[in-house]
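What follows draws every value from the coordinates through simple rules; no lab data is involved. Quick caveat: nothing in here was measured; it's all calculated off a predicted structure. Cβ sites come from the backbone with ideal geometry, for glycine too, and all protein chains shown count toward neighbours.
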Amino acid sequence: MIAYLENQPGRSPLITGDSYCGQEDSSACDLEAFGSDFGGMVVSIPAAVIRPTTTDEVTAAVRLARANNLALAARGCGHSIHGQAGAAGGLVLDMRALSGPIGLEQGPEGPLAVVPAGATWEEVLRWAVEEHGMAPPSWTDYLGLSVGGTLSNGGVSGQAFRHGPQVANVARLEVVTGDGESFLCSSVSDEADLFFAVLGGLGQFGIITRAWIPLQPAPDMVKWIRVVYNDFARYVSDAESLVSRTEPDLFEYVEGFAFVNSDDPNNGYGLIPLDPTRKPFDPTYVPLGSGPILYCLELALHCGRGDDKFDQRTAEMLRSLGYVKGLEFSAHVPYVDFLLRLKQTEAEARANGSWHAPHPWLNIFVSSCDIIDFDREIFCKILRRGVGGPMLVYPLRRSKWDERMSVAVPAGEIFYLVALLRSARPPPIGPSAEEMMAENRAVVDRCRSAGYDFKLYLPHYRDQAQWSAHFGEKGWRRFVDRKNRYDPAAILSPGQLIFSPGA
Ligand code: FAD
């Protein structure tokens, strides 16, 4: 039975399925930890944190919130930037309590992982590869994110151009709506609208408790390649030809970065080599007269362990590309190591303190038709000195995104993810979080004033006029209709600042 207990100063009354873990209990949690997120810029202290271990406990928690007029946010790993997984004065569901075990099911479409929504993608990867020799086709770059969290947004990485984002790689979902009812849904079930509503739904329509994720055979190894460009038009032309190829000339993974054309430690060309001890970056190869920014395409191909024709095949696949010769880097790594490639970066960031610094990140989808102008006016002017962290720029294909999902993307078939992954370390080391946020606003203002076809990814707006502009007239009407249908009291995910509880 779930019992609601009054808050105690500084500590959360932890409510679990059958017991209250009091202040003395070692599992009692610090409310402040659940009142902040990876962005580190918003504080929203909840009244209580609930750790549900079953779908029934999620259902009971939602009913409890409704009965007490409390807002409620599911929180996966809290990797949001602007407090989206918070519920100031309300209830937070710590979905990490709902993380196992993962099951295997045989569906008509093939093998499926049955994943509790609080599991991380790293947990899914290890389970799928180590126990079954299989893996989902679509990933994020960093895998310490919850399945429910990325499915509520999109989930993109270098596989998305080919397999679609993670939201397009789900066969079925179990969802608890804002009324406290639980549903099994899929694209062909009676509840298909709920299925599509929660995919990219920013936590507004229901809490995802389980996801059925299609699996495919996992490769042994990955050939991992980086090539460098000084000419953005050539970069774009090559990137778009790579994502438009057909088998057998298709890479498994296509991503890309923008680097400042200097030895800047946070965003300079020294970060491009995959193994700098074997082949460091030699700046004498950068053509004279290059601009302030260099571009790096990152590619990957799957292969077996002793595949000796592989290097020849890779060379053929790279032949038509116009990158700067001499600035190519490659490595041959186990598949799991490739997917977990950011673990080392995370360890270093934790060690040097930047993991816990504020992260004023900005993610934008920019249509191909505007990306050259974006480079000229934004990368090469506003961002010419970098952002104190990685800048991603790589193409995705709209046809891989189902329009029935809630997520908003630009109108053009090819659009780019531009991600400015900033870490704000206090001056004099770098600009403050406020200065970085001001630069983000300048970037978005430029996109707007130039009339670009763009959408914010992981959007953050403060009022309904901005949300309605984000979704467009038709999309906003559908979003509001779905909210009225699935969460009429508007209690879910208040940190997104889209609807007010009880409104
Ligand atoms: P949270 O921050 O906990 O929650 C995000 C939102 O989803 C909140 O509104 C919350 O209420 C809601 N929510 C959480 N769980 C559920 C659920 N089970 N049901 C319904 N709603 C729920 N994104 C990419 O696409 N590709 C990347 O490569 C990528 N890399 C990242 C790397 C880092 C270091 C970070 C910090 C973020 C990255 N992201 C990336 C962004 C990431 O996908 C989102 O921030 C995502 O929401 C994080 O998942 P989470 O579990 O931390 O979600």
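Determine the dipole magnitude for segment 345-459: charges of +1 sit on the beta-carbon of Lys and Arg, -1 on that of Asp and Glu, nothing else is charged, the reference point is the Cα centre, and the result goes in debye to the nearest 20.
About 80 debye.
Rank these for me by crowding, TRP355, TRP224, TRP121, going from fewest to most other beta carbons within 10 Å.
Working: TRP355 16, TRP224 20, TRP121 27.
So the residues, fewest neighbours to most, are TRP355, TRP224, TRP121.
Distances over 34 Å make up what percent of all Cα-Cα pairs in the chain?
Cα-Cα pairs in the chain separated by more than 34 Å: 36 percent.
Please list, by residue number, everything in segment 166-200 whose backbone N is under 14 Å from a paramagnetic label point 7 Å out along Cα→Cβ of ALA489.
Answer for this model: 177-181.
Give me THR120, THR209, THR277, THR53 ranked fewest to most by other Cβ atoms within 10 Å of their Cβ, as a rough exposure proxy.
Numbers: THR120 22, THR209 25, THR277 6, THR53 16.
Neighbour counts put them in this order, fewest first: THR277, THR53, THR120, THR209.
Filter the GluC sites (Glu not before Pro) in segment 19-128 down to the DSSP loop ones having no more than 13 other Cβ atoms within 10 Å, then list what survives. Show your work: numbers first, answer last.
On the way: sites: GLU24, GLU32, GLU57, GLU105, GLU109, GLU122, GLU123; in loops: GLU24, GLU109.
Passing sites in segment 19-128 are GLU24, GLU109.
Arranged by the count of other C-beta atoms within 10 angstrom, fewest first, what order do HIS302, HIS332, HIS79 take?
Details: HIS302 18, HIS332 15, HIS79 22.
Least crowded to most crowded, the residues run HIS332, HIS302, HIS79.
Note down the relative contact order for the chain as a percent, whole number, built from C-alpha pairs under 8 angstrom at least six residues apart.
16
For segment 378-503, just say rounded, prolate or oblate: build the C-alpha gyration tensor, square-root its eigenvalues into a ≥ b ≥ c, call rounded for a/c under 1.5, and beyond that prolate if a/b exceeds b/c, oblate if not.
Values: a/c = 2.37, a/b = 1.48, b/c = 1.60.
Oblate shape, in that a/c is at least 1.5 and b/c is the bigger or equal ratio.
Please compute the contact order of segment 345-459 in relative form: average sequence separation of alpha-carbon pairs under 8 Å and at least six residues apart, divided by the residue count, as a percent. Could the numbers behind the result be given before it?
Working: 167 pairs, mean separation 46.9, N = 115.
Relative contact order of segment 345-459: 41 percent.
In percent, what relative contact order does segment 103-217 have, based on Cα pairs under 8 Å that are 6 or more apart in sequence? Don't skip to the end; give the middle numbers.
Working: 235 pairs, mean separation 37.0, N = 115.
It comes to 32 percent, rounded to a whole number.
Given the pairs LYS223/LYS455; LYS400/LYS474; LYS381/LYS483; LYS343/LYS474; LYS279/LYS343, which span a C-alpha to C-alpha distance of over 30 angstrom in this model? Show your work: numbers first, answer last.
Numbers: LYS223/LYS455 32 Å; LYS400/LYS474 20 Å; LYS381/LYS483 41 Å; LYS343/LYS474 41 Å; LYS279/LYS343 22 Å.
Check vs 30 Å cut-off fails for LYS223/LYS455; LYS381/LYS483; LYS343/LYS474.
With the dipole of the chain worked out from charges on the C-beta (+1 for Lys and Arg, -1 for Asp and Glu) around the Cα centre, which of ALA65, LEU318, TRP121 lies farthest toward the positive end?
Farthest towards the positive pole: LEU318.
Order these peptides, 262-274, 81-93, by their mean beta-carbon neighbour count within 10 angstrom, highest first. Write down the numbers at each step before the final one.
On the way: 262-274: 16.5, 81-93: 24.1.
Per-residue Cβ counts within 10 Å, averaged per peptide and sorted highest first, yield 81-93, 262-274.
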